[in-house]
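Have a look at the structure below before the remarks.
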Amino acid sequence: MEKTKSCLIGTLVLGLFVLVQAGFGQTTGTENQANQQKPPAQGKTADSKGSASAPAPVAVPSDFVIGDSDVLNINVWKEPEISQSVVVRPDGKISLPFIGEVLVSGLTPVQTQALLATKLQALLTNPQVTVTVTEIRSRMVSITGEVVKPGAYPLLVPTSVLQLITNAGGLGQFANKKHIFVLRTVDGKQERYPFNYAQVIKGEKPEQNILLHPGDTVVVP
């Protein structure tokens, strides 16, 4: 009787072991299949040739004027040899394959598209050109010192000193509100314009809340 009971227990243990092994194998197979079907990690979008996608455009107003050092993305439909990212040189020009140097400083992106399309007509039939601004460097103002987010900011719309401080997250805890000033270079000389935050926000001395020019720096001590 004891021998029969021992055999029965052994048979049950063996059966349980087989079931566990089968379940483990099925789980592992399922995980491997899921891993094989899992899409690759997302990164930069690439085309069929494996090249990285074009830089994302910056949202600019329709009347935005291109200036020196701005970065442009030139896309000519079905012409990858001409399509590329370019930086506007200090002389206001860019260089493109087949058409050479083109003066674009002072033009809007739409005007630049039309100009490039005209120059490409001698080479292509009905060229389709798209020009987008991917980085603005020609119209920048800076704010430094006791603000939440100091740094350089693009000047896309008329912006006052108070608006720039707001864009920078506001004044820091230890900011000297009465002795803020704007540095501006005029005819090669640096000028200084006072800004009393404590008075301006009360409606006093509104003339100190001047509109900023490209290249201005607001200093918050």
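The values are calculated or read from the model by the stated rules, or taken from the named source; none is laboratory data. If you're wondering where the values come from, they're calculated on a predicted model, not measured in any experiment. Note that we place each Cβ from the backbone using ideal geometry, even for glycine, and neighbour counts take in every protein chain shown. Surface areas here come from the heavy atoms of the whole protein model, side chains and all, with no ligands, DNA or RNA. Shrake-Rupley method; radii C 1.70, N 1.55, O 1.52, S 1.80 Å.
Below, the figures for the structure above:
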quantity	calculated
Segment 76-115 and segment 164-221: distance between their alpha carbon centers, rounded to Å	37
Point-charge dipole on Cβ atoms (K/R +1, D/E -1) for segment 97-200, about Cα centre, debye to 20	280
Segment 122-130 - phi-based ³J(HN,Hα) in whole Hz, Karplus 6.51/-1.76/1.60, Gly and Pro as x	6, 10, 10, 8, 6, x, 10, 10, 10
Under 5 Å, built H, 5+ apart or other chain: amide partners of Leu155	Arg139, Met140, Val141
Rounded to whole Hz, the Karplus (6.51, -1.76, 1.60) HN-Hα couplings of segment 80-88, x for glycine and proline	x, 6, 9, 5, 5, 8, 10, 10, 6
Amide H contacts of Val147 (H built 1.01 Å from N, under 5 Å, at least 5 apart or other chain)	Gly172
Test item: Cα-centred dipole of segment 72-134, Lys/Arg +1 and Asp/Glu -1 on Cβ, debye	60
Other-chain or far-sequence residues with amide H under 5 Å of Ile74's (modelled H)	Gln84, Ser85, Val86
In sequence order, calculated HN-Hα J values of segment 90-99 (Karplus, 6.51, -1.76, 1.60; Hz; x Gly/Pro)	x, 7, x, 10, 10, 10, 10, x, 6, 10
Heavy-atom accessible surface of segment 134-221: percent carbon and sulfur, 1.4 Å	51
